[in-house]
1. Which members of region 1-18 meet the condition of being in a helix (DSSP H, G or I) and either under 20 Å from the mean Cα position of the chain (by Cα) or β-branched (Val, Ile, Thr) (or both)?
2. If I go through region 12-38 residue by residue, how many of them are hydrophobic (A, V, I, L, M, F, W, C), more than 13 Å from LYS2 (Cα to Cα) and surrounded by 10 or more Cβ atoms within 10 Å (Cβ to Cβ)?
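Each value in this text was obtained by applying a stated rule to the coordinates, not by laboratory testing. The shown structure was predicted, so the numbers you read here are calculated from the model rather than taken from an experiment. Virtual Cβ from ideal backbone geometry, glycine too; neighbours counted across all protein chains shown.
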Amino acid sequence: MKVEKIGDKLSIVIPDDVAETLDPHEGDRVEVRRSVAHSPMTRAEAMAAMRALSRPLPRGYKFDREDANAR
């Protein structure tokens, strides 16, 4: 969505697909919540985020495909 100045007021421009879904009418009251839009992560940033979530495997752990598929 985009904020535009119309006269001496700020207005929020709602895209057609959103307006069609919400079906707003003149005079309707709306609640606006502020959120921060994030740009897509680079590959390096995504890898760093995944590494930060990783935990070490138990000592002696070995992946068993048959056991995993049996579940």
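1. The answer is ASP17, VAL18.
2. Qualifying residue count for the region: 2.
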